[in-house]
Amino acid sequence: MNGSNVEIDWDTARNANRLNWDDRVPLHEAAYGLDAFDEPTHMSDVVSDDLPVLSRFIGGGTVAGLDLCHLQCHIGTDTISLARAGAIVTGVDFSEPALRAAEALADRADVSVSWVQTDVLDARTAVAGDFDVVYTSIGTICWLADLDRWADQIVALLRPGGTFFIRDGHPALLALDEDAQDLTTRYPYFGDGHAQRWDDESTYAGDGKVAHPRTYEWPHPLSEILGSLMRAGLRLLHFDEGRTLPWQFSPRMVEVPRGYAWPEAERDLIPCTFTIVARKD
């Protein structure tokens, strides 16, 4: 059954997830509206929403000229958008086809980005240099089993005084039954070390099917997310929750400017995203 809790070792789960994300690349290339990047000023909606928040916590109020590492960058639409904002960007992802697509899009957009293929949990070993900003956004940490190790990578990549930014799906949202006719919980909010197993030929964007439908995800409550970052030595600067989401989590969600939301009568009942900004002192 989809969402069933299973015991599985990290390497096996990671390899299954990588095959699935490899398969998503051509589907997402077709669905992401990449032609928009032919316009030199175009940025992704995700980065357009994130930058005003991130910039409030950076000296000078801009990422321009800063060394920025984008973790779990997929096909690079957000990475290229960060480079267009003036950052000196390194994009990191575990999928070779995704990085090939990202590099091709960067060449097409005439944007300079460095690309590194590695598991995010091994990022410090694989990525050269230190960074003023480490950035990750939307649909990232549910794919990771060990958030303490994740947070350690972030701290190790940051220079002293550097800033970490994440916006992601809210764990309270991810505990809901996406097919229910009301806001009903179905999946664990708190993790117990088990993975959730999914078999789904579709993806959140595009109409095609993947050849490797099985994936594994891990629930992480806010206490675990914040705790991992603080245990690693980061200082919390900003925390927020949002009512909209860049993808349609449930068929009941309605389209709103730059994303999706619950019907208006339910919009204030549960958050869709969280945002954290933290600093390495």
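The values are calculated or read from the model by the stated rules, or taken from the named source; none is laboratory data. Note that the structure is predicted; figures quoted are calculated from it, not measured. Every residue, glycine among them, receives a Cβ derived from its backbone with ideal geometry; neighbour counts consider all protein chains shown.
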Subset of region 121-136 (residues that are β-branched (Val, Ile, Thr), closer than 19 Å to Leu237 by Cβ and either in contact with a helix residue (DSSP H, G or I) (Cβ under 7 Å, 6 or more places away or on another chain) or without any contact (Cβ under 8 Å) to a residue 40 or more places away in the chain (or both)) = Val134
Of the residues in region 109-131, those that are over 21 Å from the mean Cα position of the chain (by Cα) and not aliphatic (A, V, I, L, M) number 3
Selection status of Gly139, at positive phi and either in contact (Cβ under 8 Å) with a residue 60 or more places away in the chain or crowded, with 22+ Cβ neighbours inside 10 Å (or both) = yes
Return the pairs, sorted by first residue and then second, in which the second residue is outside any helix (DSSP H, G or I), the first residue lies in region 147-160 and is over 20 Å from Asp67 (Cα atoms), the beta carbons are less than 7 Å apart, and the residues are 6+ apart or on different chains.
-> Leu147/His220
Does Gly91 fit the bill of being in contact (Cβ under 8 Å) with a residue 24 or more places away in the chain and touching a Ser or Thr at 6+ places or on another chain (Cβ under 6 Å)?
-> yes
Among the helices (runs of 4 or more DSSP H) lying completely within region 119-185, list those that include at least 3 residues that are modelled with pLDDT of 95 or more and of a type outside the set (A, V, I, L, M, F, W, C).
-> 147-157
Does Asp49 fit the bill of being within 27 Å of Phe165 (Cβ to Cβ), of a type in the set (Asp, Glu) and within 16 Å of the chain's Cα centre (by Cα)?
-> yes
Test Ser114 against the stated conditions and say whether it is within 13 Å of His70 (Cβ to Cβ) and in contact with a Ser or Thr (Cβ under 7 Å, 6 or more places away or on another chain).
-> yes
May I ask you to list the residues in region 95-118 that are surrounded by fewer than 21 Cβ atoms within 10 Å (Cβ to Cβ), part of a loop (DSSP other than H, G, I, E, B) and not aliphatic (A, V, I, L, M)?
-> Asp110, Ser112, Thr118
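Does Val92 satisfy the criteria of being touching a Cys at 6+ places or on another chain (Cβ under 9 Å), of a type in the set (Val, Ile, Thr) and not in a helix (DSSP H, G or I)?
Judged against the criteria, Val92 is a match.
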